[in-house]
Amino acid sequence: MIPLYDDNPTRRPPFFTVGLMGACVAMFLFQASLDPQTTNLWIYRLGAIPAVIAGDATLAPQVAGSVPRMATLVTSMFLHGGFLHLAGNLLYLWIFGNNVEDALGHGRFLLFYVVSGVLAALLHIYTNPGSEAPMIGASGAISGVLGAYLLLYPQAKVGVLVPIGFILTVLRLPALAVLILWFVFQFLSSLFAGGGEGGGVAWAAHIGGFLAGMGLLLVLKPRNVPLFTSGQ
């Protein structure tokens, strides 16, 4: 099930949603301009490595000291492991981020996005403290956006691409159904992966980001913004 659009217009331009998407694209193009060895070097420089942040692991001399280890909780959000990784994240950010930015306002949305991503990364680190694999991608922060959208607009309709047999069809489903199914998939995937990471995916970060987004929304949203609406 792949979301394609939502029927939820906004009142103001999503400046930071577009800006964050642009930053991810720019970093991906920078990665694509490098040879594989140099790309890997940058991933280790800017990615969040649990064993380095939470443990005693150290980076190779050519990597160590280039970026403070706690800063990688933020820099890791702008790196991606491939085109499909990037495209999937940007699709979700575009569909759901503009409405969350509309509800929170531009400045609060940026704060919300960064803090959601950091908290998501910290849960991944907590569940995988010995991992020396760099965590990269905007998935944790975007998961926070999904959690906020669930509380704000559960009745909004989302167009999703669904396979029915050998035929792909587009169904309009309530955001509540789409996002709950998404969360259940992340949770079950985390269980099958042994609690956090499997197949190169930081499942715990997705779960942590989603829950963090729900909590942060309640703290940051303006008082005049209602919950549980259709958004129209």
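The separation of segment 78-121 from segment 131-197, counted between C-alpha centres, amounts to 13 Å.
Relative to the longest principal axis of the Cα atoms of the chain, the long axis of helix 36-46 lies at roughly 80 degrees.
Loop exposure criterion: trypsin sites (Lys or Arg not before Pro), DSSP state outside H, G, I, E and B, at most 12 other Cβ atoms within 10 Å. Applied to the chain, the longest stretch between such sites is 12-222.
Remark: relative contact order (the chain) = 28 percent; criterion is Cα-Cα distance under 8 angstrom and separation of 6 or more residues.
Taking the alpha-carbon centroid of each part, what is the distance from segment 1-36 to segment 210-232 in angstrom? What the calculation gives is 22 Å, centre to centre.
Only helices enter the 222 nm calculation for the chain: every DSSP H run of n ≥ 4 contributes -39,500 (n - 2.57), and dividing by all residues gives -18500 deg cm²/dmol, rounded to 500.
Shape summary of the chain, radius of gyration then Dmax from alpha carbon positions: 17.7, 54 Å. Find the percent of Cα-Cα distances in segment 23-103 that exceed 15 Å, and round it to a whole number. Taking all Cα-Cα pairs of segment 23-103, the fraction more than 15 Å apart is 62 percent.
Qualifying chymotrypsin sites (Phe, Trp or Tyr not before Pro) in segment 139-232, where qualification requires a DSSP coil assignment and no more than 14 other C-beta atoms within 10 Å, comprise Phe166, Phe228.
All of the numbers you see were taken from the coordinates with simple rules; none came from a lab. Computed from a predicted model, the values in this text were never measured in an experiment. A quick note on method: Cβ atoms are made from the backbone with ideal geometry, for glycine too, and the neighbour counts reach across all protein chains shown.
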